[in-house]
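Working notes, structure below.
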Amino acid sequence: MKTAYGKVTYDRPYLIARNGGDGFFPLDAELGLSNDRLSPWVMQWVARLATRMSFAAARMVCKAALNWSPATETIEQVVLGLGRYAAPFMRQQQAPPQEGEVLVIEMDGKCPPTATEAELAKRRGKRRPRHETDCPCGCQRHRGKAKRQARGSRNVGKRRQK
């Protein structure tokens, strides 16, 4: 288990269902550990860091403070996992008085998703209709050729200037 004090080794039984399928560690479930063996304290600490900075920066701060850190992908999964409870919680809370707009800045190209389904629906436009020149079989092999034919040639009759 990875804790604030470093890695702690422990033994635990693994239970498998009689009818097959995945098993689980009952002790991990009792302790509240994730599949990545992060303690609840480490999960909430890393998630708080990642809401203030990029996932990569949160990893570096964790490495500096605890002398180890989870992978950037693990931090992203923790934030997304805990973040699914944020929207229902914030809907229950009243906004603080004189609260302004919220600005979200991406630093490393990744951040917790903040757009709601309604906002995403506004961003997404209508899909263009399929062209008659598309491959009748609809296979991926001919998709690029069909798209290029539908767009037409980029430089028909044009020559480059010297």
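Read-outs: derived from the displayed coordinates by stated rules, not from any lab. Predicted model, so just to flag it, every value in this text is computed and none were measured. All Cβ positions, even for glycine, are placed from backbone atoms using ideal geometry, and neighbour counts span all protein chains on display.
See the values below:
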| quantity | calculated |
| --- | --- |
| Sites LYS122 and VAL102 - FRET efficiency at Förster radius 22 Å, r taken between beta-carbons, to 0.05 | 0.80 |
| Ranked packing of 75-88, 14-27, 43-56, most packed first, by mean Cβ within 10 Å | 43-56, 75-88, 14-27 |
| Using a Förster distance of 25 Å, the FRET efficiency for ALA71-ALA29 (Cβ separation, nearest 0.05) | 0.65 |
